[in-house]
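To start, the structure itself, in structure tokens.
The values are calculated or read from the model by the stated rules, or taken from the named source; none is laboratory data. The model shown is predicted, which means the values in this text are computed figures rather than measured ones. No Cβ is skipped: glycine too gets one built from the backbone with ideal geometry, and neighbour counts run over all protein chains shown. Accessible surface is based on the protein model in full, side chains and every heavy atom, while ligands, DNA and RNA are left aside. Shrake-Rupley method; radii C 1.70, N 1.55, O 1.52, S 1.80 Å.
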Amino acid sequence: MNPFRNGEYRYISLPSANIDTDQIIPARFLTTTSRAGLGRALFHDWRFDSKGNTNPNCILNNANGADAIVAGPNFGCGSSREHAAWALLDFGIRVVISTKIADIFRGNALKNGILPIELPKAVVEQLLTRPIGTFHVDLRENRVVVGGERHTFTIEPFARTCLLEGMDELDFLLRHEVEITRYERQQGFVCHPGESRDPS
């Protein structure tokens with residue numbers, strides 16, 4: 001995972017409320033365990049018609065390198081499918097802003113390098129007045145700058161560290177493998193080939 005980039009983000013507006021994970025990536029695309037290529041299925045039924053033709057009226061087909069989404073309330077509700085976060089990331093999305101982001105989606109987003117931000121209704125509505133726009137994110141300061149105005153958001157410190165350093169929970173553990181192994185040996189419950197689990 002690439003480290004999170006502080007700076008300006010180009011967003012597309014999706015003002016609908018209750019955008020669920022089945023809209024983000026329909027269930028028929030969940031047959032793979034690979035993340036690669038899932039961006040093609042992102043919002044598939046919005047972006048394409050039943051014959052697979054591109055919908056020219058869908059803003060997602062005119063994203064022009066957008067790397068953020070500003071959405072209506074309750075974004076990411078529905079099933080817990082992690083593929084929704086995978087598809088967003090593969091499409092190039094690193095930030096999602098809404099007044100309310102579903103809890104399970106929030107967790108999946110953070111684990112996969114996407115920053116979910118909840119901001120007050122007035123701020124989100126201001127962003128949604130433009131189909132495409134920009135804002136500035138400073139994750140170290142937990143701050144978004146919109147039209148020159150600064151707005152703070154909350155994020156769990158460990159999740160912020162992982163985003164900034166471009167690592168997931170497993171990467172974090174592996175970075176501390178030596179210390180973990182040393183501690184487990186001291187406690188007597190590390191078992192390697194030829195070793196006994198019985199600390200006595």
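Key figures
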item: Output for the range 149-171, where each listed residue is touching an Asp or Glu at 6+ places or on another chain (Cβ under 9 Å) and of a type in the set (V, I, T); result: T152, T154
item: Candidate set: the range 41-60, residues that are modelled with pLDDT of 95 or more and among the charged types (D, E, K, R); chosen: the one nearest to L128 (Cα to Cα); result: R47
item: Complete set of residues in the range 12-30 that are out of contact with any Gly (no Cβ under 6 Å at 6 or more places or on another chain) and not in a loop (DSSP other than H, G, I, E, B); result: I12, S13, L14, Q23, I24, A27, R28, F29
item: Failed criterion for A63 (all others in (1) within 24 Å of V123 (Cα to Cα); (2) modelled with pLDDT of 95 or more hold); result: (2)
item: Test: residue in the range 54-69 that is farther than 21 Å from L115 by Cα and among the small types (G, A, S); result: no
item: Tabulated pairs, the range 1-24, first closer than 30 Å to T161 by Cβ, second among the hydroxyl-bearing types (S, T, Y) and modelled with pLDDT of 95 or more, C-beta under 6 angstrom, 6+ apart or interchain; result: E8/T134; R10/T134
item: Among residues of the range 79-101, those that are free of Cβ contacts under 8 Å to residues at least 40 places away in the same chain and small (G, A, S), counted; result: 2
item: Residues (touching a residue at least 12 places away in the same chain (Cβ under 8 Å), farther than 24 Å from G107 by Cβ and in a loop (DSSP other than H, G, I, E, B)) located in the range 31-78; result: C58, A63, N64, G65
item: Subset of the range 76-92 (residues that are in contact with a Leu (Cβ under 8 Å, 6 or more places away or on another chain) and open to solvent by less than 10 Å² (accessible area, probe 1.4 Å)); result: A87, L88
item: Condition broken by I93, with the remaining ones in (1) assigned to a loop (DSSP other than H, G, I, E, B); (2) over 21 Å from V146 (Cβ atoms) satisfied; result: (2)
item: Test: F189 is closer than 27 Å to G113 by Cβ and at pLDDT below 95; result: no
